[in-house]
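Read the structure below first, then the notes.
Rule-based calculations on the coordinates, nothing more; no lab input. This is a predicted model, so every value here is computed, not measured. Virtual Cβ from ideal backbone geometry, glycine too; neighbours counted across all protein chains shown.
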Amino acid sequence: MSDDYALSIVVPAFNEHQSLPLLVDDIVAVVRDLDCRSWEIVLVDDGSTDGTTDLMRRLAADNPRIKAVLLRTNFGKAAAMMAGFQEAEGDIVITMDADLQDDPVEIPNFIHEIQKGYDLVSGWKKERNDPLEKRVASRFFNAMVRRVSGVTLQDNNCGFKAYRRWCVQELQLRGNQHRFVAAILSWRGARIGEIPVRHHKRKFGTSKYGIARYFHGAFDLATLILLTKFSQNPLYFFGLLSLPFMILGGLIGGYLLVNHVLYVMFTTVGFQLTMRPLLILAIFLMLVGVLIFLIGLLSELVLRSATFGKGYWVRETVSRRLTQDAALPLSPLRGSAGEPAKGRLEDQEIE
């Protein structure tokens, strides 16, 4: 395994006062034996109220390799991860939960997979030690995400992941978007891998996710679609959403109009347009469709005028530019005294 990398381990935590010291000790025991250039642990307190904040302060004061990022209040896991990514300096960034269910001994396996060429490696809790209702909901959620995103991960919910630095530098997460990070990065061209990891039972405290999380699934999936396939063309998303309303409203309106024309012409066929309550429904559906379309148009205008909406993510730029004034090292293109040799390229760029 190559040792030419720096490692950052980001641990978001909320009310994990009992688990955190044990987790930090386990992480240190693993990473101190790695052949890496440097390593650090970035602890992020997401507005804890059980003493986790003071504990992180002490851990960071006692160990120069530990950073403590203390958020002012509980912003959620995605925000805590973003705060940790902002402070992480490693070439490889690993995220893991603070509840001791993720095992630090898996860290070298993640690094090995990253060095194979993957940009993101996600953990797969193949044998999950969680209540039955949580396992069933997770399987349903993962199946829906696979179908919508096309990313064939077994476990999108797993917080145990490894990233190349570029992934976290250009990543913006809000709400529950940390659950879709693999799909978002895959859409941006990241190479995605997955490895099975050990999953332990929770030793202290209780899960931070209640039943309300499951009701957010439909909205989360809609967000995923908007953030990936339609992130650069939101008008298409809202246009498709408005289409059923406009079609249904148009069909009802057409039906009413035809009958009104027949009534005017023959009086014994059809009926008066203004005498049917369906007219109100048709107008309502058409207005809803138009409003949704206008929202999409507004989103498109905002995206096009925003400075951050560049619409692409560069993997690398390759350039060779040689000039007469450039101080170049000795190479096959230079003479022994540093003079340009014959056939030297000038003012050429390869991209």
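Each peptide in 75-81, 49-55 gets a packing score, the mean of other Cβ atoms within 10 Å over its residues, and the list from highest to lowest is 75-81, 49-55.
When each of the peptides 12-21, 287-296 is scored by the mean number of other C-beta atoms lying within 10 Å of its residues, the order from highest to lowest reads 12-21, 287-296.
Please compute the modelled spin-label separation between residue 105 and residue 271, points set 7 Å along Cα→Cβ, answer in nm with one decimal. Going by the 7 Å Cα→Cβ label model, 7.5 nm. In plain terms, the C-alpha convex hull of the stretch 6-227 casts an average shadow of 11.1 nm² when viewed from every direction. Measuring against 19 Å, Cα to Cα, the residue pairs 116/161; 161/203; 67/201; 134/201; 126/161; 126/229 contain 161/203; 67/201; 126/229 as the ones spanning a longer distance. Among 234-246, 255-267, the peptide with the highest mean count of other Cβ atoms within 10 Å heads the list, and the full ranking is 234-246, 255-267.
Between residue 127 and residue 255, what is 0.36 nm times their sequence separation minus the Cα-Cα distance? Round to one decimal in nm. Working it through step by step, the gained length comes to 40.4 nm. Test of understanding: extend the Cα→C-beta vector of residue 198 to 7 Å, then name every residue of the stretch 33-60 with backbone N under 19 Å from that spot. Those under the cut-off are 33-34.
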